[in-house]
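Following: one structure in structure tokens, then a few remarks.
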Amino acid sequence: MIDLREPLTFNEQQLFELVHRRICATRADISETTGLTTTTVSRLVSRLVDVGLLSEKAERSGGLGQPRRLLSVRPRQAFSVGVNFMRGRFDLAIVDLAGEIAVLDSAEIEELTPEAIVSVAAERLEAALASSGIARRRLLGAGFSLPGGFSPDGETLLAHVLFQPLDQKALAPIFGEALGLTCSVETDGGCAALGEYLFGHGAGHDTFFLVHIGHGVGGGAVLDGQLFRGAHGNASKPGVLFPYGKPRPSGQDLVEMLSAAGHHVGDIADIAGVSDAASATVEGWVKRAAGELAVLGRVITAFLDPEVIFIGGRLPDALNRALVAELAKIELPGPSRGLTNAPFASAKLGPSSGVLGAASLPVFDFFFPGSRRGGGNAYVNGRRATSAG
């Protein structure tokens, strides 16, 4: 069993990531990709198999000769907790290293204060561990997806206007003390991007941008396999191009349009349940929002040159796909002569990006600590964790 008190060496982290992202499937693949000798790779693989992180099985084939031995991440050996909250709702997930969801829990929450969130989190986590039979010692830690950005200290939350009770609070140490786990926090856009990189379509890309459509218009940029956080954790804020008080490609904007048209929608989560009578309003929003996102895509391409731009966040999957389909009809000149704009694609995680993205934070902190530039914020028992393990 893996000892969560001992972080992996750099070479072990590199090897684990290559297998986890399905870039390498055999020892020979790893040696060729990394330049490590076969002897070194064999030693590293043997250790990761022995501690329960990887499994190695012979590939069945009808041919002659020695069969290839394929590597994969071993499920149900270590787990991470993800927490995402929104107006009126709280989501918690426990996910193993192979990306399999062991627990997915949702509860109503009346207040969005730090005290209310940690109370519900502690209660639901204990219930989830009891129902799943997962031992607490198998938890890497907990990640929290936060709505907003960070103050210059990189830790204090500057909350979205709809989450004022959380504003000006350093939440990671509060969460860490309440849960007794290493707790990390990240913006909802950053979480969504990391979750897509680890568990979604981003596994096939090293450089991409994810537009996170929620109450606002957020985002996350993964550059060469690392989340770009900026100097204070506030990189990738595409909403700046769409001023408040004017039409925006945000979920809150769609909620307000539907309500103005007589279709009562309390929150973004309710959009999936609107009647067919609201289809004209939804289609009008999709067409207009796609035009705004196309311009955004041109700007993102100019600054980051990503392989792909994912559309994700809190909208229903069907709406993300509708936006991508509409974007495919729009032709804009590239950011410079001879250049084309990055293609759009719908994110795999969709509305689950918040909680699954949050669950990815402990995985990155423990196995790929360099993947969040600036280090992120990890706390246990109210103190900064010097090692995410």
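Values quoted throughout were computed directly from the atomic coordinates according to the rules given, and no laboratory measurement underlies them. Quick caveat, the model's predicted, so the values are computed rather than measured. No Cβ is skipped: glycine too gets one built from the backbone with ideal geometry, and neighbour counts run over all protein chains shown.
Compactness of region 141-298 was expressed as the Cα radius of gyration divided by 2.2 N^0.38 Å, which yields 1.13. What the Cβ-Cβ distance of SER46 and ASP317 gives, at R0 = 51 Å and to the nearest 0.05, is a FRET efficiency of 0.80.
Of ALA25, GLN252, VAL73, whose Cα points farthest to the positive end of the dipole of the chain (charges on the beta-carbon: +1 Lys, Arg; -1 Asp, Glu; origin at the Cα centre)? Checking the options against the dipole of the chain, the answer is ALA25.
Remark: region 252-260, residue by residue, has Karplus-estimated 3J(HN,Hα) of 5, 4, 5, 4, 5, 5, 5, 5, 5 Hz, where x stands for each Gly or Pro and the curve is 6.51 cos²θ - 1.76 cosθ + 1.60 at θ = phi - 60°. For region 10-73, go through all pairs of different Cα atoms, get the mean of 1/r, take its inverse, and jot down that Kirkwood value in Å. Result for region 10-73, one decimal place: 11.9 Å.
Normalised by residue number, the volume inside the convex hull of the Cα atoms of region 194-282 is 126 Å³ per residue.
Mean-square fluctuations from a GNM of the chain, with a 10 angstrom spring cutoff on Cα atoms, peak among GLY239, GLY143, GLY88 at GLY88.
Helical content alone sets the calculated 222 nm signal of the chain at -11000 deg cm²/dmol, taking -39,500 (n - 2.57) per DSSP H segment of four or more residues and averaging over every residue. Computed over the chain with a Gaussian network model linking Cα atoms closer than 10 Å, the most mobile of PRO249, PRO67, PRO152 is PRO67.
The lysines within cross-link reach of LYS169, meaning a Cα-to-Cα straight distance under 22 Å and a gap of 8 or more places when in the same chain, are LYS237. With a cut-off of 14 Å between beta carbons, the residues surrounding LYS57 carry a summed charge of +3, where Lys and Arg count +1 and Asp and Glu -1. Give the long-range amide H neighbours of LEU97: residues separated by 5 or more places, or on another chain, with amide H under 5 Å away, using H modelled in the peptide plane at 1.01 Å from N. Amide H neighbours of LEU97, under 5 Å, 5+ apart: ARG76, GLN77, ALA78. Note on LEU332 and TYR244: their simple-model spin labels are 2.4 nm apart, each label 7 Å out from Cα toward Cβ.
State the extension gain, in nm to one decimal, for the chain segment bounded by ASP305 and LYS57, taking 0.36 nm per residue of separation less the distance between their alpha-carbons. Walk me through the intermediate numbers first.
Values: separation 248, 0.36 × 248 = 89.28 nm, distance 3.86 nm.
That works out to 85.4 nm of additional length.
Note on the chain: with a GNM built from Cα contacts shorter than 10 Å, the maximum mean-square fluctuation among GLY297, GLY230, GLY82 falls on GLY230. Would you mind pulling out the separation of the Cα centroids of region 307-361 and region 72-105, in Å? Each part's Cα centre sits 23 Å from the other's. When the chain is described by a simple charge dipole with +1 on each Lys and Arg Cβ and -1 on each Asp and Glu Cβ, the residue from ALA107, SER42, ALA359 located farthest towards its positive end is SER42. In nm, to one decimal, how far is the modelled label at HIS232 from the one at SER132, with both set 7 Å along Cα→Cβ? Inter-label distance under the simple model: 3.5 nm.
Annotation: average projected area of the chain is 21.6 square nanometres, based on the convex hull of Cα atoms across all directions.
Between LEU339 and GLU256, what FRET efficiency follows from the Cβ-Cβ distance if R0 is 30 Å, with the result rounded to 0.05? With R0 = 30 Å, the Cβ-Cβ based efficiency is 0.25.
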